[in-house]
């Protein structure tokens, strides 16, 4: 494991780390199961230098300390105290980098239209991780939102890609285990999640793809307990070539792997359960937007200059009142 500081008795603090995750719970589980706990820290301080409230791993749980003075905080390297929460950077120039891939950005911009002021909002990894940055750039009143990610961060400038789960200027950083207690108890109003594939019934699979076991992670707790779920994903994968222009989408080549299928390989998100519980569900792709109704999946938006193929029209149905959405999501 790793921390920021330790003392000669093995007490460890985490105050300059980006997130706490579940360090105490993992150390406790290893110790109580007869395992060994070794912690890498940036510096070993003298006895008594770490105040009791700063100690996150009591020395009784720690079997060894490794000092590494050059350890980085994140993949960015060095230590950024606005990420660990010690300092706040008040400059308005701290906007998050916008999603660089145009198709992913298009999906994120459309998804950002589902943000609601005051709602408890969760973001998953992948395309959803770019929504906070897009929302900020689009002028969404950022301070009116309550944002969180499963790693334990609340609010702040959410980071994306390799630094997903971290934030600058966070309001709170709590253990991931406690965050999931909040989530599983129904604390999320809206969640934005990725999707590996969806089917004609509205089921979503993220745990078994192409015969490979990936696992659901925290997906189940979040997806089935949020009041509203917005799934974000591309229409297909592997080899697709799409140009995003002011006139719409121009699809030069479709992907080799369809993500909208007749039946998902495994059900990670149950549409039937969502229908029974009255959960609101949207599925956003770059080409079309679907919603889950009591009757099934309904196609409600198609991007300009896009035609939904016969296979998808037959599976999902084309409503007579669908509306086209512009490529910038407005």
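Read-outs throughout are calculated quantities, based only on the coordinates presented, and are distinct from any laboratory measurement. All figures in this text were calculated on a predicted structure; none of them were measured in a lab. Glycine gets a Cβ as well: all are built from the backbone with ideal geometry, and neighbour counts include every protein chain shown.
Here are a few things to note about the model shown:
- Per-residue ellipticity at 222 nm, computed for the chain from helices alone with -39500 (n - 2.57) per DSSP H run of at least four residues, works out to -4500 deg cm²/dmol.
- Working ranking of peptides 140-149, 228-237 by packing, defined as the average number of other Cβ atoms within 10 Å per residue, highest first, is 228-237, 140-149.
- Equivalent ellipsoid semi-axes - Cα gyration tensor, the stretch 65-224, angstrom: 26, 20, 17
- Spin-label model, residue 245 to residue 45: label points 7 Å out along the Cα-to-beta-carbon direction sit 6.1 nm apart.
- Estimated Rh, the stretch 3-130: Kirkwood, alpha-carbon pairs, angstrom: 17.5 Å
- Helix 102-112 vs. the chain, principal-axis angle (Cα, 0 to 90°, nearest 10): 90 degrees
- Quick note on the stretch 170-273: its Rg to Rh ratio, both from C-alpha atoms and Rh being the Kirkwood radius, is 1.05.
- Quotient of the Cα radius of gyration of the chain and 2.2 N^0.38 Å, N being its number of residues: 1.11.
- Angle between the chain longest axis and helix 23-32 axis [Cα atoms, degrees, rounded to 10]: 70 degrees
- Under 20 Å from the residue 54 label point (7 Å along Cα→beta-carbon), backbone N, the stretch 172-192: 172-175
- Note on the stretch 5-71: semi-axes of the ellipsoid equivalent to its C-alpha gyration tensor, largest first and rounded to whole Å, are 18, 13, 12.
- Here the label points at residue 181 and residue 257, each 7 Å from Cα along the C-beta direction, are separated by 3.7 nm in the simple model.
- Between the stretch 217-293 and the stretch 53-81, the alpha-carbon center distance in angstrom: 39 Å
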